[in-house]
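Contents: one structure, followed by commentary.
The values are calculated or read from the model by the stated rules, or taken from the named source; none is laboratory data. As the structure is a prediction and not an experimental result, all values here were calculated from the model. Every residue, glycine as well, gets a Cβ built from its backbone with ideal geometry; the counts of neighbours run over all protein chains shown. Quick note on the areas: whole protein, heavy atoms, side chains included, nothing else; ligands and nucleic acids left out. Shrake-Rupley method; radii C 1.70, N 1.55, O 1.52, S 1.80 Å.
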Amino acid sequence: MGKIKCKPQLNTVFSLAMVVFLFLALSLRFDFYYDLNDDVLIKDIVSGAYTGTPDAHSIQMLYPLSLLISLLYRIIPVLPWQGIFLCACHGVCFFLIAKRSLSLVEKEISKIILLLTEASLIMTLFLYEAVFVQYTVTSALLAACACFLVFTSEKKETLRAFLKENAVAIILVILAFNLRSEMLLLMSPFIAFTGIVKWSQEKPVLAKETIKKYVSLIGVILVGAVLSLLIDALAYSGKDWKEFRNFFNARTQVYDYTWYPEYEEAQDFYCDLGVTPAKVTLIDNYNFGLDESIDADMLWSIAEYADAIKVKEPLSVRIKDAIVDYKWRTFHEQDAPYNFFVLTAYAMVVALALVFKDTSAIWKLPALVLFRTVPWMYVILAKRVPPRISHPLYYIELIILGAWMISYCRKNKETVAVDADDKRYKGRNRSLAIAMILLFVFSRIVFSGMIQKADEEQERRQEVNTVIRLFEEYADTHPEDYFYMDVYSTVDFSEKMFSDVDNSQKNYDILGGWASGSPLQKDATIPYRDEAFSRAELLLQDNFYYVCEEGSDTEYLEDFYSGHGMVVELTEEERISSRVQTLIVYRIEAVGTIVN
């Protein structure tokens with residue numbers, strides 16, 4: 001019997017080649033970094049670098065996904081699975097978008113133009129997030145890719161064929177929810193818009209089979225999300241984890257929403273609550289993990305009080321101000337170049353709708369503007385619009401607009417009953433090619449500025465990370481010791497995803513942060529202590545040390561311990577310096593008592 005030869009599809013080859021080229025180009029110029037300490041801590045938990053054993057309680061990601069990644073670390077612990085997973089999500093999304101878009105055009109020259117445009121847009125707009133990886137952004141990209149696939153999907157008559165056609169999109173949405181549920185919910189208006197557009201293309205719209213298809217699509221996604229939440233809730237159902245989650249939510253409320261008054265501004269309230277100036281200082285410098293009496297009840301009370309005394313503008317004024325900010329962000333340079341690419345894409349959709357005589361754009365365009373306004377107004381009113389939120393909002397909108405433009409290829413083939421050589425057919429496809437070329441040129445103009453930004457950020461990270469690398473070398477030479485670090489002294493540190501990978505347990509931690517007070521934080525110190533001491537007691541043990549940046553306040557430690565009837569003395573044990581920063585390792589000793 002002769003061998004059966006399988007020739008890969010051209011679209012698959014082109015798409016895979018693009019993704020390989022993109023990551024190869026990036027890796028030759030940049031190192032890949034976890035963007036924030038949050039991302040590093042998630043990696044540390046699931047890899048075992050935090051407690052010594054890979055753990056699926058990553059706190060931020062939902063338990064099913066954390067379990068999968070932690071199991072990979074258990075099987076092959078030396079590999080950087082979290083980094084591989086995040087970058088693989090990026091690559092898969094780019095591949096799926098490219099392959100689907102190429103399937104909608106026929107001529108090879110059109111495929112090349114389209115592929116070059118997509119690669120250029122990725123290298124320009126997603127360059128920073130591709131190098132400095134943030135799991136929140138990755139979640140948004142998964143949602144955006146799902147929207148693209150649904151928007152450009154083929155019409156299917158039966159329920160089974162419809163769900164099969166959109167199976168990958170369903171998986172991407174559920175995966176995005178597991179990775180960062182809050183971000184997926186923020187993306188949900190765009191997902192809803194995509195579903196409405198596809199539903200509107202069904203004829204008749206309200207046919208029984210049509211309703212069944214789209215209700216089933218929503219139902220499958222909801223079942224996946226609810227099942228993920230149930231598994232997550234079960235995994236965190238223990239008493240310690242319930243208490244920690246309550247504390248975590250209270251801490252989030254204080255720091256991210258209500259803030260807290262200075263001690264002098266609310267002295268009577270703090271006295272009634274039993275909160276000393278030293279406790280307020282710990283809340284202020286984020287080292288609240290030192291004092292375990294700062295619990296959920298205390299933080300909820302502070303949040304409620306802060307919210308009650310806060311001068312609140314009328315809702316109408318807040319909405320008016322938010323609309324002004326929203327308009328400014330959309331049309332000015334605050335969010336450039338992302339907003340300008342989106343505006344350009346809107347203009348191109350309008351132009352193509354006119355060329356293709358697409359009357360449905362009359363309601364679709366205002367609908368998209370309305371749906372995109374919902375998440376934007378939400379984050380602006382909450383005064384929480386960091387780049388890791390604003391950039392994904394532009395990404396998903398641009399990807400949907402791109403899907404809209406590319407889908408005209410399918411619309412052309414399905415609705416224009418002309419020969420492929422007909423001048424009208426060629427003219428309409430030429431219009432789409434011109435749109436792609438304009439986007440390509442626009443992205444190339446902006447590219448130099450974006451790569452310069454990434455270069456500068458990498459140089460900055462290499463510089464500020466020098467001292468933490470030196471500290472880690474020092475900590476490795478003292479494996480019997482454990483080091484607690486001042487939070488503000490560590491905020492600029494980051495970690496490479498694929499270089500110098502070491503998943504063995506770290507013998508240092510920060511005094512605050514979102515894992516503070518969790519069962520994991522307690523487990524992390526078990527190998528270094530004989531008794532179940534509090535963190536304040538641990539810092540007084542012979543093998544525990546305090547680390548902070550030179551010039552940082554250390555008097556708060558003396559004030560804290562004096563509130564517990566102790567006089568403490570800080571002795572400098574080691575000074576670790578780089579060109580831009582110095583870390584000091586202190587031993588803390590109780591040298592006396594205070595008698596009231």
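Roughly what % antiparallel, to the nearest 5, for the DSSP beta bridges in the chain? Don't skip to the end; give the middle numbers.
Details: 17 of 26 bridges.
Percentage antiparallel, nearest 5: 65.
To the nearest 10 Å², what's Thr124's accessible area with a 1.4 Å probe?
Accessible area, nearest 10 Å²: 0 Å².
What value does region 364-409 have for Rg/Rh, both radii from Cα atoms and Rh as Kirkwood defines it? Write down the numbers at each step before the final one.
Working: Rg = 12.2 Å, Rh = 11.6 Å.
Ratio value, two decimals: 1.06.
Using only the alpha carbons of region 5-81, what is the convex hull's orientation-averaged projected area in square nanometres? Mind dumping the intermediate values first?
Numbers: hull surface 31.2 nm².
About 7.8 nm², averaged over all directions.
Give the residues of region 240-272 whose amide nitrogen is closer than 14 Å to a point set 7 Å from the Cα of Arg318 in the direction of its Cβ.
Label zone hits: 257-259.
Going Cα to Cα from Lys208, which aspartates and glutamates come in below 17 Å? Please leave out same-chain ones fewer than 8 positions away.
Excluding near neighbours in sequence, the set is Glu157.
Kindly flag which residue pairs out of Lys107/Lys164; Lys327/Lys364; Lys279/Lys496; Lys43/Lys242 have an alpha-carbon separation exceeding 25 Å in this structure. Show your work: numbers first, answer last.
Details: Lys107/Lys164 27 Å; Lys327/Lys364 20 Å; Lys279/Lys496 35 Å; Lys43/Lys242 22 Å.
Beyond 25 Å: Lys107/Lys164; Lys279/Lys496.
For Asp272 and Leu540, what is the calculated FRET efficiency with R₀ set at 35 Å and r taken between the beta-carbons, to the nearest 0.05?
Result of the calculation: an efficiency of 0.70.
Could you state the orientation-averaged shadow area of the convex hull built on the Cα atoms of region 225-384, in nm² to one decimal?
Values: hull surface 58.6 nm².
Result: 14.6 nm².
Where the eigenvalues come from the Cα gyration tensor of region 173-279, what are the semi-axes √(5λ) of the equivalent ellipsoid, largest first, in whole Å? Spell out each step's value before the answer.
Numbers: eigenvalues 410, 69, 18 Å².
Ellipsoid semi-axes (Å, largest first): 45, 19, 10.
What's the carbon and sulfur percent of the chain's accessible surface, probe 1.4 angstrom, rounded to a whole number? Walk me through the numbers on the way to the answer.
Values: 16840 of 28180 Å².
After summing per-atom areas, the C and S share lands at 60 percent.
Can you give me the pair-distance distribution of region 74-119, C-alpha pairs, 5 Å bins, whole percents?
The percentages, shortest bin first, are 5, 19, 21, 15, 11, 10, 8, 7, 4, 1.
Could you check the spin-label model distance between Arg384 and Arg29? Points 7 Å from the Cα along Cα→Cβ, value in nm.
About 3.3 nm, to one decimal.
Could you pull the accessible area for Met566 with a 1.4 Å probe, rounded to 10 Å²?
Here the accessible area works out near 50 Å².
Once a ≥ b ≥ c are taken as the square roots of the eigenvalues of the Cα gyration tensor of region 335-376, is the result rounded (a/c under 1.5), prolate (a/b larger than b/c) or oblate (a/b not larger than b/c)? Provide the component values of the computation, followed by the final result.
Working: a/c = 5.56, a/b = 1.38, b/c = 4.03.
The shape class here is oblate.
Which of (1) 199; (2) 174; (3) 139 is the computed volume of the Cα convex hull per residue in Å³ for the structure on display?
Computed from these coordinates, volume of the Cα convex hull per residue in Å³ corresponds to label (1).
Kirkwood hydrodynamic radius, region 306-395, all distinct C-alpha pairs: what's the number in Å? Before the final figure, lay out each step's value.
Details: mean 1/r = 0.0669 Å⁻¹.
In region 306-395 this quantity evaluates to 14.9 Å.
How large is Rg over Rh for region 102-206, taking Rg from the Cα atoms and Rh as the Kirkwood inverse mean of 1/r across Cα pairs?
Numbers: Rg = 15.7 Å, Rh = 15.4 Å.
So for region 102-206, dividing Rg by the Kirkwood Rh gives 1.02.
Could you check how many percent of all C-alpha pairs in region 441-596 are farther apart than 28 Å? Write out the running numbers ahead of the final one.
Working: 3712 of 12090 pairs.
When all Cα pairs of region 441-596 are counted, 31 percent exceed 28 Å.
Explain nothing, just the number: relative contact order of the chain, from Cα pairs under 8 Å at least 6 residues apart, as a whole percent.
Working: 731 pairs, mean separation 121.1, N = 596.
Rounded, it is 20 percent for the chain.
Determine the order of Leu68, Leu28, Leu86, Leu343 by accessible area, beginning with the largest, at a probe radius of 1.4 Å.
Values: Leu68 100, Leu28 140, Leu86 0, Leu343 55 Å².
I get Leu28, Leu68, Leu343, Leu86, largest accessible area first.
Leaving out ligands and nucleic acids, and using a 1.4 Å probe, what accessible area per residue does the chain come to in Å²?
With the other protein chains kept in place, the chain gives 47 Å² per residue.
Straight distance only, please: which aspartates and glutamates reach the Cα of Lys156 with their own Cα at less than 16 Å, same-chain residues fewer than 8 apart left out?
Candidates past the 8-residue exclusion: Glu165, Glu202, Glu209, Glu414.
With a 1.4 Å probe and every protein chain left in place, tell me how much accessible area Asp492 has, in Å² to the nearest 10.
Counting only protein heavy atoms, the figure is 90 Å².
Binned at 10 Å from 0, what are the whole-percent values of the Cα-Cα distance distribution for region 1-143, short to long?
In order of increasing distance, the bins hold 11, 35, 28, 19, 8, 1 percent.
Mean Kyte-Doolittle of at least 0.0 and a Cα length of 27 Å or more along the axis: which whole DSSP H helices of the chain meet both? Each step should come with its number before you reach the end.
On the way: long enough: 10-29 (29 Å, 1.95); 81-103 (32 Å, 1.12); 181-200 (28 Å, 1.12); 208-235 (39 Å, 1.42); 361-381 (29 Å, 1.41); 387-415 (41 Å, -0.04); 423-476 (73 Å, -0.34).
Span-like helices in the chain: 10-29, 81-103, 181-200, 208-235, 361-381.
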